[in-house]
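Scroll down for the structure; my scribbles are underneath it.
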Amino acid sequence: MDFKHIPVLYRECLENLNIKPDGVYVDGTVGGGGHAFGIGERLSERGTLIGIDRDVDALEAAGRRLAPLKCRCELIHSTYAQIDSVLEELGIRGIDGALLDIGVSSFQLDNEERGFSYMHDAPLDMRMNRSDAFSAYEVVNTYSQKELAEIIKKYGEERWASRIADFIVKRRSSGDIKTTGELVDVIKAAIPASARREGPHPAKRTFQAIRIEVNSELDQLRDAIDRFCDVLNPGGRLCIITFHSLEDRIVKETFNKRLNPCTCPKEFPVCVCGKVADVNKVTGKPITASEEELDQNPRSRSAKLRVIEKR
């Protein structure tokens with residue numbers, strides 16, 4: 001299957017990266033290379049583009065997509081949270097900009113065998129890095145009722161989390177749940193019919209929660225933001241696209257801590273901790289998709305872009 005992915009907020013990302021032709025830029029979620037190609041087109045032969053992804057299929061597709069570029073291109077099989085290690089391996093001290101497009105890609109959702117989608121019947125997988133041993137199968141079939149309820153509520157913001165977890169545990173007592181189709185049936189049975197008549201697909205929130213748990217997505221994001229800020233050169237920008245409130249909240253809160261690092265008690269008349277901000281806010285409210293983009297790519301509806309700049 002070809003790695004097809006429509007880059008979200010494409011124009012807005014490229015504008016906010018403020019690209020210098022001879023700079024060093026990182027696409028930490030390179031996917032099929034959509035955003036990365038736009039960055040690379042704006043770089044000269046002296047510029048460097050680094051693409052990072054956990055998905056080998058993505059890196060192979062990105063390699064084909066980025067081949068015509070004249071800048072230096074480095075594609076790395078890793079996670080964006082390991083940015084400091086990646087740069088050390090490449091002998092690069094600092095970068096002039098970075099983009100993170102958080103979450104699952106259209107390719108991964110549409111590729112039935114990957115098990116990300118509740119719309120296709122496939123083995124329970126959901127691993128972004130298929131060399132990892134831990135998959136959705138382990139979450140669904142080994143977690144306790146309490147553990148399942150906690151992650152479905154926390155990562156899926158699902159009001160029926162406890163009931164869904166209870167139904168999963170009861171169902172697997174007669175045999176492991178092996179496919180996405182089987183899991184969808186359990187979720188539908190757990191959610192009352194009246195609650196299934198409105199809103200998104202009844203399995204959407206639970207699948208999101210399990211995917212986040214399998215790939216440690218929120219922990220990766222939380223760790224990565226400060227690491228990227230640390231390796232930015234003065235004037236360098238970090239652009240992060242999120243697709244749901246949990247991700248956006250982490251980005252917003254971490255940006256704010258970086259903008260307001262003082263740890264002194266509020267009652268202190270002056271700062272004595274000596275901690276000062278090393279970044280500037282570029283965006284206040286997050287940037288969202290235009291009506292034109294929404295018409296062309298409905299999956300951009302929930303996308304939010306936040307940007308910060310190193311002093």
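The values are calculated or read from the model by the stated rules, or taken from the named source; none is laboratory data. Quick caveat, the model's predicted, so the values are computed rather than measured. A quick note on method: Cβ atoms are made from the backbone with ideal geometry, for glycine too, and the neighbour counts reach across all protein chains shown. Ligands, DNA and RNA are stripped out before the accessible areas are found, and what is left, the full protein with its side chains, is counted by its heavy atoms. Shrake-Rupley method; radii C 1.70, N 1.55, O 1.52, S 1.80 Å.
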- helices (runs of 4 or more DSSP H) wholly inside the stretch 199-311 containing at least 2 residues that are touching a strand residue (DSSP E or B) at 6+ places or on another chain (Cβ under 7 Å) and on the phi < 0 side of the Ramachandran plot: 217-231, 245-259
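Every residue, every condition in (1) over 30 Å from Ala36 (Cβ atoms); (2) of a type in the set (Asp, Glu); (3) buried (at least 19 other Cβ atoms within 10 Å of the Cβ), yes or no:
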| residue | (1), (2), (3) |
| --- | --- |
| Arg163 | yes, no, no |
| Arg172 | yes, no, no |
| Ser194 | yes, no, no |
| Arg205 | yes, no, yes |
| Gly235 | no, no, no |
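Return yes when Ala289 is under 23 Å from Ser105 (Cβ atoms), open to solvent by less than 30 Å² (accessible area, probe 1.4 Å) and small (Gly, Ala, Ser) and no when it is not.
Considered against the rule, which asks whether it is under 23 Å from Ser105 (Cβ atoms), open to solvent by less than 30 Å² (accessible area, probe 1.4 Å) and small (Gly, Ala, Ser), Ala289 comes out as yes.
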- Query: Taking the stretch 66-118 on its own, how many of its residues are among the β-branched types (Val, Ile, Thr) and either open to solvent by 50 Å² or more (accessible area, probe 1.4 Å) or more than 21 Å from Gly33 (Cα to Cα) (or both)?
  - Reply: 1
- Does any residue of the stretch 260-274 turn out to be within 28 Å of Ala36 (Cβ to Cβ), of a type outside the set (Gly, Ala, Ser) and open to solvent by less than 40 Å² (accessible area, probe 1.4 Å)? no
- Checking Asp121 against (1) surrounded by fewer than 21 Cβ atoms within 10 Å (Cβ to Cβ); (2) more than 28 Å from Lys188 (Cα to Cα); (3) in contact with a strand residue (DSSP E or B) (Cβ under 7 Å, 6 or more places away or on another chain), which single condition isn't satisfied? (2)
- Message: I need every pair where a residue in the stretch 232-243 that is in contact (Cβ under 8 Å) with a residue 60 or more places away in the chain and over 9 Å from Gly97 (Cα atoms) has its Cβ under 8 Å from the Cβ of a residue that is open to solvent by 10 Å² or more (accessible area, probe 1.4 Å) and assigned to a strand (DSSP E or B), sequence separation at least 6 or different chains.
- Response: Pro234/Lys310; Ile240/Arg306; Ile241/Asp101; Ile241/Lys304; Thr242/Lys304; Thr242/Arg306; Phe243/Lys304
